[in-house]
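Reviewing the structure listed below.
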Ligand code: PMP
């Protein structure tokens, strides 16, 4: 039997067993609606507020009311960007973001341009770090919102959010941070890091899929994008998905307690993996920042071959990885993130993303490191682009 090694955690993570156990009673035992005033409702409301407090504690929010539950990272990003834009259009119509954001930020911004808003996309350097002086220059008197991700799920690069927040606040704009790839994997404190809005997704921290949260700092002017019965302080109507919300709360509590030790373990595995690849495979390179990167992120590229054929060959050896963001894998276009850090189309196509998680260990890393050089060599041997010296 071949070994099976899953290294595609960013695309989907297992739900922690303790999270499943916490969720189970809320399907068929505690099924009340948090809006009801009877005791079933009170029990549900208590669970909802406990989950909210746990998420608030994970990101260092001052008050738990500042956390709103949504259906995931995509909705949180849409609510933050459209919500701030619509509510503040009397102050200005300009938004600043970056060239490496997730498609839910990119496309929310694109949508707003059809409604009279202007968007500036600030470039990043070759490691994927936002060019802070360019960002500062891009802000005008009409800027109402700046949206910069905490860390990029594809290349792992972490942004200097606190410094960006200081600049944004000096100019009286709001700072939204898509922290989906980072929350639960590294410490984040919204108060200290000058963050007004923060997007979180449950499945990216071993919680269930289809639930997320948006932190909205008190005093941040925002309008709902989903209208209805007025749940979540009127900012996100709809009956709360209580089992999922309870699961997200439990996942937040576990992450807060365990992420430091787990992060250190993953950094060791990550760095061993990267070093091993770069040392054993000629013409291989690391994408993203060498040190300022997510503990679980490895993005490497190999000249002369296609990531897709590498993925399929590795799959036959029991190894799961990806060519980039699962959200954009339906298109044949190379990743906009890899192009934004200056890679050519063929370099972007030759990139592979391995994302590590709780179930990976050192033997997994050794297994991939032993399999990868042969796979790369074999594919290079049949690629017309490969120079002769690499095929021998
Ligand atoms: N932002 C980032 C940085 C992401 O990596 C993702 C995907 N996990 C999202 C937003 C979208 O989150 P969701 O899939 O929960 O809608």
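No lab work stands behind these numbers, since they all come straight from the coordinates. Bear in mind the structure is a predicted one, so any value in this text is a computation, not a measurement. We place every Cβ from the backbone using ideal geometry, glycine too, and count neighbours over all the protein chains shown.
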* To do: Write down Rg/Rh for the range 120-247, rounded to two decimals, with Rg from the C-alpha atoms and Rh from the Kirkwood relation over Cα pairs.
  => 0.99
* Added length on full extension, which subtracts the Cα-Cα distance from 0.36 nm per residue, residue 227 to residue 134 -> 29.8 nm
* Pair residue 192, residue 115: separation of 7 Å Cα→Cβ label points (nm) -> 3.6 nm
* Asked: What percent do you get for the relative contact order of the range 1-111 when only Cα pairs under 8 Å and 6+ apart count?
  -> 13 percent
* Asked: Given 0.36 nm per residue, what is the gain on full extension from residue 162 to residue 272 after removing their alpha carbon distance, in nm?
  -> 36.6 nm
* FRET E, pair residue 170, residue 358, Förster distance 41 Å, beta-carbon r, rounded to 0.05 -> 0.50
* To do: Please give, to one decimal in nm, the separation of the simple spin-label points placed at residue 312 and residue 24, each 7 Å out from Cα toward the Cβ.
  => 4.2 nm
* If one takes the longest principal axis of the Cα atoms in the chain, at what angle in degrees, from 0 to 90 and to the nearest 10, does the Cα axis of helix 103-113 lie? -> 60 degrees
* Structure fact -> Residues of the range 134-177 with backbone N under 17 Å of the label point set 7 Å from the Cα of residue 62 along Cα→Cβ are 166, 169-170, 174-175
* Asked: On a 0 to 90 degree scale, rounded to 10, what angle separates helix 161-170 from the longest Cα axis of the chain?
  -> 50 degrees
* **Acute angle (nearest 10 degrees) that the helix 307-316 long axis makes with the longest principal axis of the chain, alpha-carbon atoms** => 80 degrees
* **Enclosed volume per residue, in Å³, of the convex hull spanned by Cα atoms of the chain** => 141 Å³
* Enclosed volume per residue, in Å³, of the convex hull spanned by Cα atoms of the range 198-294 -> 159 Å³
* Remind me, relative contact order of the range 110-157 in percent, using alpha carbon pairs under 8 angstrom and six or more residues apart? -> 27 percent
* In deg cm²/dmol, rounded to 500, what helix-only [θ] at 222 nm does the chain give when every DSSP H run of at least 4 residues adds -39500 (n - 2.57) and the total is split over its residues? -> -12500 deg cm²/dmol
* **Relative contact order %, the chain, counting alpha carbon pairs below 8 Å whose residues are six or more apart** => 22 percent
